[in-house]
């Protein structure tokens, strides 16, 4: 069900790349395929891969870091949308109560790189903590 959600939001090729990576997170080819499906400016993928653990240490610190990176690489300047992308990538089931969900969904669709980037960091976190998570959502503390 989670895969279908992200397939609809990020596209079927991206969903296939996510599935392949989760099935074999040790595969350099699967990681490369996931990274290539991100899109976005050069260097953005590298910084996400290098620093995704900031979200595990503290979502407040991680959100700030992600906002700065997204602004620096000109992915998006909307801080509310960054926060939404991170939460949608890590806990979509807890966002159903948002009164502005439809507007956020439309906005994230117009800035798909933002969600794919947030989702990539979530998947890297899941792969790193595979023995604890057992799913496709990270255990970030909100």
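The values are calculated or read from the model by the stated rules, or taken from the named source; none is laboratory data. On a predicted model such as this, the values are computed, not experimentally measured, just so you know. Backbone-built Cβ (ideal geometry, glycine too); neighbour counts: all protein chains shown.
Residue 71 fails exactly one of the following numbered conditions: (1) farther than 15 Å from residue 31 by Cα; (2) in contact (Cβ under 8 Å) with a residue 12 or more places away in the chain. What is the number of that condition?
Result: residue 71 fails condition (2) only.
Take the residues in the stretch 1-17 that are touching a helix residue (DSSP H, G or I) at 6+ places or on another chain (Cβ under 7 Å) and closer than 19 Å to residue 75 by Cβ; name whichever of them is modelled with the highest pLDDT.
Looking at the filtered set, the residue picked out is 17.
Kindly indicate the residue of the stretch 68-93 that is in contact with a helix residue (DSSP H, G or I) (Cβ under 8 Å, 6 or more places away or on another chain) and in a loop (DSSP other than H, G, I, E, B) and also surrounded by the fewest Cβ atoms within 10 Å (Cβ to Cβ) among those meeting that condition.
Of everything passing the filter in the stretch 68-93, 77 is surrounded by the fewest Cβ atoms within 10 Å (Cβ to Cβ).
Would you confirm whether or not the stretch 94-107 contains a residue that is surrounded by 18 or more Cβ atoms within 10 Å (Cβ to Cβ), within 19 Å of residue 7 (Cα to Cα) and at pLDDT 85 or above?
The answer is no, given that none of the residues of the stretch 94-107 is surrounded by 18 or more Cβ atoms within 10 Å (Cβ to Cβ), within 19 Å of residue 7 (Cα to Cα) and at pLDDT 85 or above.
Is it the case that some residue within the stretch 33-48 is under 19 Å from residue 136 (Cα atoms), in a helix (DSSP H, G or I), over 12 Å from the mean Cα position of the chain (by Cα) and modelled with pLDDT of 90 or more?
Looking for residues that are under 19 Å from residue 136 (Cα atoms), in a helix (DSSP H, G or I), over 12 Å from the mean Cα position of the chain (by Cα) and modelled with pLDDT of 90 or more, one finds at least one in the stretch 33-48, hence yes.
Just name the residue that is farthest from residue 45 (Cα to Cα) out of those in the stretch 21-33 that are surrounded by fewer than 17 Cβ atoms within 10 Å (Cβ to Cβ) and touching a helix residue (DSSP H, G or I) at 6+ places or on another chain (Cβ under 6 Å).
Selected residue: 24.
Right, residue 62: surrounded by fewer than 18 Cβ atoms within 10 Å (Cβ to Cβ) and in contact (Cβ under 8 Å) with a residue 24 or more places away in the chain or not?
No, not satisfied.
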